[in-house]
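The structure appears below as structure tokens.
The values are calculated or read from the model by the stated rules, or taken from the named source; none is laboratory data. If you're wondering where the values come from, they're calculated on a predicted model, not measured in any experiment. Reconstructed Cβ throughout: ideal geometry from the backbone, glycine too, with neighbour counts over all protein chains shown. Quick note on the areas: whole protein, heavy atoms, side chains included, nothing else; ligands and nucleic acids left out. Shrake-Rupley method; radii C 1.70, N 1.55, O 1.52, S 1.80 Å.
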Amino acid sequence: MRPFLPEPDLSERIHGAVLDAICSGELKSGTRITQEELAQQFGVSRQPVLQAMMLLRREGFLIDAGRKGVAVAPLDVQQAHNLYVVRGALDGAAARLAAGRYTPEMAHRGRLLLDVGRRAVASGSVPSVIEADIDFHLFVYEASGNPLIGETAQPHWQHLRRVMAAALSESDLRVSVWDEHEGILRALEAGQTAEAEALARDHAEQMADILTGRLRAVISRAA
């Protein structure tokens, strides 16, 4: 006899669906949400909705909104800057380690990801560009051989995804971002540890300046 496979946890599925809506910009800052509305929308009881909402509050995506339930947390420029400072340090460390252990197989995977990113830019799809960007950086974390780098960064990626979705428009999808990614890959392939670290850190710092500036403009227009 085979054991029963457990059904996916409802609260996790609801959490994922609401989180995706927030990070993609479908649910904008300040949008009010109630347990009743979500329960009706997903066709479930209120209990798994409550569990999902509690987790989203702990993660900083929802805030209490009194009797009206909760609301999508506002975007915060300072938090976005802080996230990129942390990411810059992690990206630099990951690239340095990856350059010291890079293999032909890794080089092949990296080049495939580069192609995916350039095609995403050519498509003009902001969600595709964001997904490709995240996949590229997760690849460098994996290539570092230190799983703690990816584990440390993991809680922040959805917040970063939200920042990118809010701050980028089709006209901002610059090929130069993927030129910078290609430069990082070249340093990894050449085993240039110091160069790889510097390029990865500089790339994160430049993106911090660009995206926080865009985000500040977005918030100002919405005020």
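Any residue that is part of a loop (DSSP other than H, G, I, E, B) and at pLDDT 90 or above - is there at least one of those in segment 88-96? No, segment 88-96 has no match at all. Which one is modelled with the lowest pLDDT, of the residues in segment 1-23 that are in a helix (DSSP H, G or I) and open to solvent by 60 Å² or more (accessible area, probe 1.4 Å)? It comes out as L10. Within segment 60-77, being of a type in the set (A, V, I, L, M) and in a loop (DSSP other than H, G, I, E, B) holds for A65, A73, L75. The single residue among P127, P155 that is within 28 Å of R101 (Cα to Cα), open to solvent by 70 Å² or more (accessible area, probe 1.4 Å) and in contact (Cβ under 8 Å) with a residue 40 or more places away in the chain turns out to be P155.
Checked against (1) open to solvent by less than 50 Å² (accessible area, probe 1.4 Å); (2) of a type in the set (A, V, I, L, M); (3) modelled with pLDDT under 95; (4) more than 25 Å from K28 (Cα to Cα), V175 passes all but a single condition, namely (1). The one condition from (1) hydrophobic (A, V, I, L, M, F, W, C); (2) within 17 Å of the chain's Cα centre (by Cα); (3) assigned to a helix (DSSP H, G or I) that A39 does not meet is (2). So in segment 64-121, with the set limited to residues that are under 27 Å from A222 (Cα atoms) and acidic (D, E), which one is least open to solvent (accessible area, probe 1.4 Å)? Per the criteria, the residue is D76.
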